[in-house]
Each structure stands twice: as C-alpha cells, then as structure tokens.
Amino acid sequence: ETRPVGEFNHSRILFRGNHVEHWLNHKKAVEYTWGSDKLAELISDSKFKSYPDFMKNESGKIAIQHHGEEAWFKNIKIRALADGNNQLTSAEKAAGWELLFDGESMEHWRGMRKDGFPEKGWVVEDGAIHHTNRGGGGDIITKDTYASFDFRFEWKVAPAANSGIKYRIIEDLGAVGSEYQVLDDDGHPDAKAGRNGNRTSAGLYDIYTPSKDKILRPVGEYNSGRILVDGKHVEHWVNGTLVLEYELESPEFKEAIQLSKFRNRPDFAKAKKGHILLQDHSDAVWYRNLKIRSLD
C-alpha cells in the first residue's frame, strides 16, 4: 500500500542469485525467479515480448527513470551480497530440488568408470566446476542415476571451446548417449559439421537442431540451460527459451538416429534411467548452479 501522494514511500529491491523481491513500505509486494520459465511466460505476454534481450543480463546499472513528471528520491543506498550461486531458495527446497554442486564440494560427482573424482582436468574455481583446457581427467558423472527429471544449470565456454552434457548414461555402455551440446557456435568448427546445425549449442548432438529463436550470451558469459526428461518426452532450453523437444522411441526419433553418427549403436538412448555426464572435450568450460528435481 502506497502512502498519500506527497509523502515518501520506503522501497527495497533484493536480488540474490536468481531470486528477486520487491518491497514497499516494509511489505513484500513481488517475488520471482530471474530466468525462470514462469518469468519468460509473463514476458511473452507483456509489452516487452518483442525485446529478445529483455531481462537477460547477468549484471548492470541501476537507473532512475526520467518520465516527464516530478519525482523525489532520497536515502538511496546499496549493499553487495554474496553472489547467491549454488544455492536453493526455500521454495525450491520445498518443491524437491536438490543441488548437484554447492560451489565447493564435488561430493555428487565422480569420474566415469572411477571410484573417485579425477585428479586432473577438473577443478573447482570461483564457485564453478571448471574443466581446464589441459584435459586428461576424463568425463565426470553424477553418483546417482535419474529417470524422469528437471535438470537446470549454467554454463559458459572459452573461445572456440566444445563440451556437452549427456543424460541417462549407462557406464557399461560407455559415454555414448543423448547430449545437450555446449559449444562456441561461432568459434568451434563442430558447429558447422553434422546436418543443418544439429551440432550447435543446446541441440541434441548430431540428431536434432535447436530452434533459430535461441539466444546465446557472448562467449565468456554464463548461459542458463535446462534439460527436462519426463518419461519419453524431452525438452532442451537455453536462456529461458524452449529450443528443442522430442519424443524418445518415436518414429521421427528413430529416423533421426539413422541419419546420425549413432546409426550403428542399437543401444543409443534406450536407457530408462542413468547418470548425468559432463564431458571432457579437452577445452575450457565452466558449470555452476546445477540443480535437479526428480519427476518420478
């Protein structure tokens, strides 16, 4: 509730990680998640729907608007908070989300076909899982396995770098499986290989091409990603936009596999449950804010 015109109101904006709150006169008026599907839906129904970069910045300035009328501001102050990365909100915890990385510990991960975490290639750096360009550590996988799930994460790559996130991976069958491509689309030659861009970022590697509506942030900045697997239905998202969806075991999916490099792998994408894998492609890549919610 605002105070009478001519009196000062007390306002507060809290921004921690991707959690945002607006307060008015000591009461919370608005609460939302930056980069969430719900926010993207609201933007698509607003006057800002024609601005593809709207609310996509990771940082920026605070502006006081000139709108042609008189307004007064006073007692303006700001306090920098911890970055808020690798944390869950109380609402996320209540909804069943689980962190796969807390910014320090790799307790949820181990090396592919290894008992422990690789001693080289992968490091924890500035609150992120960083694969160095020296490589040699091999792929890493989650210790747990997942069937139907909602997996959300942030990723960035160095110039001309290549990596990927694979899911429903069975160790005994190797590291071959469905892959959310992570790539510098402009700088890595793999983006121009394959068919019609099906090796570009957020695509299903060598099988399905992501939508042309996708928006990637500049190389060196974090993108938000999402992999939704609900039974046989799969979706790939990047920066709040659904860029790819498909149905496992469908005739279309089987046909796409036959046109790919996996045509001679009869076990490809057949697993109903498996590990999530971060790929060692000998390039520099960073992952943070990895969180998952089981849908089983």
For segment 200-296, with every protein chain kept in place, what is the accessible area per residue (1.4 Å probe, Å²)?
44 Å²
Checking segment 146-254 for trypsin sites (Lys or Arg not before Pro) in a loop per DSSP with at most 11 other beta-carbon atoms within 10 Å yields 212
Shape metrics for segment 188-254, restricted to C-alpha atoms - Rg then Dmax, Å:
12.3, 38
Beyond 22 Å (Cα-Cα) in this structure, taken from 114/156; 38/273; 156/291, we find 114/156; 38/273
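Report the calculated FRET efficiency for residue 172 and residue 252 (r = Cβ-Cβ distance, R0 = 45 Å), to the nearest 0.05.
Computed FRET efficiency for residue 172 and residue 252 comes out at 0.95.
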With loop defined by DSSP as not H, G, I, E or B, and exposure as at most 14 other Cβ atoms within 10 Å, which is the longest segment of the chain clear of exposed GluC sites (Glu not before Pro)?
120-220
Which trypsin sites (Lys or Arg not before Pro) in segment 42-136 pass both tests, a DSSP loop state and at most 12 other beta-carbon atoms within 10 Å?
47, 49, 61, 74, 77, 79, 113, 120, 134
Just how far, in whole angstrom, is segment 212-258 from segment 20-34 if you go by their alpha carbon centroids?
32 Å
In whole percent, how big is the carbon plus sulfur part of the accessible area of the chain, probe 1.4 Å, protein atoms only?
50 percent
Note, ³J(HN,Hα) from phi for segment 119-132, Karplus 6.51, -1.76, 1.60, rounded to Hz, x at Gly and Pro:
7, 9, x, 10, 9, 8, 9, 6, x, 9, 7, 10, 8, 7
Under a GNM of the chain (C-alpha, springs under 10 Å), which listed residue has the highest mean-square fluctuation: 259, 100, 228?
259
Looking at 24, 175, 100, which one has the Cα that reaches farthest to the positive end of the dipole of the chain (charges on Cβ: Lys, Arg +1; Asp, Glu -1)?
24
Output wanted: per-residue J couplings in Hz (rounded whole) for segment 287-294, from phi through Karplus 6.51 cos²θ - 1.76 cosθ + 1.60, θ = phi - 60°, x for Gly and Pro.
10, 8, 6, 7, 9, 9, 10, 6
Whether segment 132-271 is rounded, prolate or oblate, judged on the alpha carbon gyration tensor where a/c under 1.5 counts as rounded
rounded
Whole-Hz Karplus couplings 3J(HN,Hα) for segment 142-147, θ = phi - 60° and coefficients 6.51, -1.76, 1.60, Gly and Pro as x, run 5, 5, 8, 10, 9, 9
If I take the Cα coordinates of segment 1-116 and project them onto the principal axes, what are the three extents in Å, biggest first?
67, 33, 27
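The values are calculated or read from the model by the stated rules, or taken from the named source; none is laboratory data. Computed from a predicted model, the values in this text were never measured in an experiment. Positions of Cβ are generated from backbone atoms using ideal geometry, with glycine treated the same way; all protein chains shown enter the neighbour counts. The area values use the complete protein model at the heavy-atom level, side chains included, leaving out ligands, DNA and RNA. Shrake-Rupley method; radii C 1.70, N 1.55, O 1.52, S 1.80 Å.
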